[in-house]
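Worksheet: one structure, shown below.
The values are calculated or read from the model by the stated rules, or taken from the named source; none is laboratory data. Since the model is a prediction, treat every value here as computed from it, not as a measurement. All Cβ positions, glycine included, derive from the backbone under ideal geometry; neighbour counts span all protein chains shown. Just so you know, the surface numbers come from the protein's heavy atoms only, side chains and all, with ligands and any DNA or RNA stripped out. Shrake-Rupley method; radii C 1.70, N 1.55, O 1.52, S 1.80 Å.
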Amino acid sequence: MAVIDIGSNSIRLVAYQDGGRAPLPLFNEKVMCGLGRGLAATGLLDPEGVRLALDNLVRFRGLVDAMGIGTVHVLATAAVRDAANGADFARAVQERAHFTIRIISGEEEARLSAWGVLSGIPEADGLVGDLGGGSLELVDIRGGGAGDHATLPLGPLRLADLSGGDLRETRRIVRAELARLPWIRNLRDREFYAVGGSWRSLARVMMDRLDYPLHVIHHYSVNTHDALRLLEAMIRLPRDKVRRLPAVSRRRADSLPLAALTLFEVLRQAPPSRLVFSANGLREGCLYDQLPPSERRSDPLEMALAAIAGGGRFQFSVEQLKQFLKPVLEDFSAQALRLTRAACQLSDIAWVEHPDYRARHAYERALHLPVTGIDHPGRGFLALALCARYGGPLEGPEVAVARRVAGDELSRQAVRVGLGLRLAFTLSGGATSVLTDSALVVEPDTLRLSIGSSGVMLAGDALDRRVDALAKTMDRQGQVMVVERAPSAPPAIPAEPLSGT
């Protein structure tokens, strides 16, 4: 399945492995065409932009045919929607590239952008802002659905035409448009979810200025005070200095101050608790829109990790691992339990790596997983847990990034989960059915591993060390005991509901 997004500034083709709950991108190509350049003055699509778009859409047709993609959604937004010759352009695309374009309304664009954010951040509560070259879509989202919404002519290309590039005039236009939306005040003390290429460029600048260590755009968040301070500096930065910023592409540089001004004015209307950047938007919303409600409710992180991790080497069960660890998870929050399940899913991910590098590779891979449904503290948790599971360092520069983004409490819990998984794999060798004959028992001063008599051959020095390491994370002494019969297993743990994030 593929989605082609024809915007005011760029066109993009993204091919996905499937259109399920956690679609994995297989190919992604963007071309900056500038279809909406000059639209406010002429009412027409830019002629050079049309030529570039048609040539590249013909190329996209060749690519999707070569890839054997059966379903292609082609969406055109503000520029084609508003231009007097937009329908002519759509016919030309049909004739030359054999794509049928769906020219979506502003209302539909806002709805799909909201769906895109919710597909990757199911618990999102606040205001979505999707900034394209020609328009800004604003949508209030809560409880997994979309409410008030609006489309405003505030894209950087449109603003440049309307204001002549004058920032004072730009500010006046933006404020006048936002003043028409009284419901935007509902943003106060919630979150603002920023979508769109120009705002993703701003996220990179913020990461650079704040010396943020994890360069993953999705779910990167900044407190509103820091965001407003950095945006104000970006607005005032001379164009030649914007072009020299290492985090900004040459094609985005000229529009960046206008994008920064628009975001600044939205945030100052009713300051949110945080600014959150979403890598998901219109394209992902289009795929999410095709799903039945029951599939939308599934956890995107769990779905993605199931595809990435596979089933392990032997008889591998995530539930058996989670069941074994349950006694040491009693003080975990719903968020930490959800992340523990994810760590269990990934716990055998590095078995094919060289033994000396398994911890490092697992750590790096968890930090930079190409998935949604997880924030940056969650990435830090998974990276630290997997590093511990493979016997890597728990302190020091090797794990500094994970500890910084996870914070103290999640870091402490991640180490416990990782050492618990290390114990489980030492005990079972990765054949997790062995774990059903053993149990962890937490006592006031002791963490005891009870092994059924059928597992006596599994005991040994390595197991003692693993139990001791796990016990220390709980301020207890470790103990291994062989019993005549397997201890009663605690009741099975159902998968956590999506609301527990």
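A few comments on the model shown:
- Percent carbon-and-sulfur accessible area, the stretch 315-409, ignoring ligands, DNA and RNA, probe 1.4 Å: 51 percent
- Phi to ³J(HN,Hα) by Karplus 6.51 cos²θ - 1.76 cosθ + 1.60 over the stretch 189-201, Hz, x for Gly, Pro: 6, 10, 10, 10, 9, 8, 10, x, x, 5, 6, 5, 4
- Once the 1.4 Å probe is applied to the protein heavy atoms, the chain comes out at 41 Å² accessible per residue.
- Note on the stretch 169-205 and the stretch 231-277: Cα centroid distance 11 Å, given to the nearest whole angstrom.
- Simple rule: put +1 on each Lys or Arg Cβ and -1 on each Asp or Glu Cβ in the stretch 371-463, find the dipole, and look at 421, 384, 447; the Cα lying farthest toward the positive end is 384.
- Fully extending the segment from residue 254 to residue 240 would add 4.1 nm, taking 0.36 nm per residue of separation and subtracting the current Cα-Cα distance.
- Taking the centroid of alpha carbons for each part, the stretch 292-322 and the stretch 402-455 are 20 Å apart.
- Full-extension gain in nm, residue 167 to residue 215, via 0.36 nm per residue minus C-alpha separation: 14.3 nm
- For the stretch 134-238, the relative contact order comes to 13 percent (Cα pairs under 8 Å, sequence separation of at least 6).
- The gain in end-to-end length when the residue 331 to residue 180 segment is fully stretched comes to 49.6 nm, 0.36 nm per residue minus the alpha carbon separation.
- Amide hydrogen neighbours beyond the local backbone of residue 447, cut-off 5 Å, H modeled: 477, 478, 479
- Ignoring aspartates and glutamates fewer than eight residues from residue 30 along the same chain, the ones with Cα atoms less than 12 angstrom from its Cα are 5.
- Note on residue 443/residue 409: beta-carbon distance plugged into 1/(1 + (r/R0)^6) with R0 of 25 Å gives a FRET efficiency of 0.60.
- Förster radius 22 Å - calculated FRET efficiency between residue 71 and residue 91, Cβ distance, rounded to 0.05: 0.50
- Residue (of 246, 367, 19) at the positive-pole extreme of the chain, dipole from beta-carbon charges: 246
- Considering only the chain, percent of DSSP beta bridges that pair antiparallel, nearest 5: 60 percent
- Most to least packed among 352-359, 189-196, 324-331, 222-229 [average Cβ atoms within 10 Å]: 189-196, 324-331, 222-229, 352-359
- Label-to-label distance, residue 30 versus residue 294, with points set 7 angstrom from Cα along the beta-carbon direction: 3.7 nm.
- The residue 474 and residue 354 beta-carbon pair, evaluated with R₀ = 22 Å, returns a calculated FRET efficiency of approximately 0.10.
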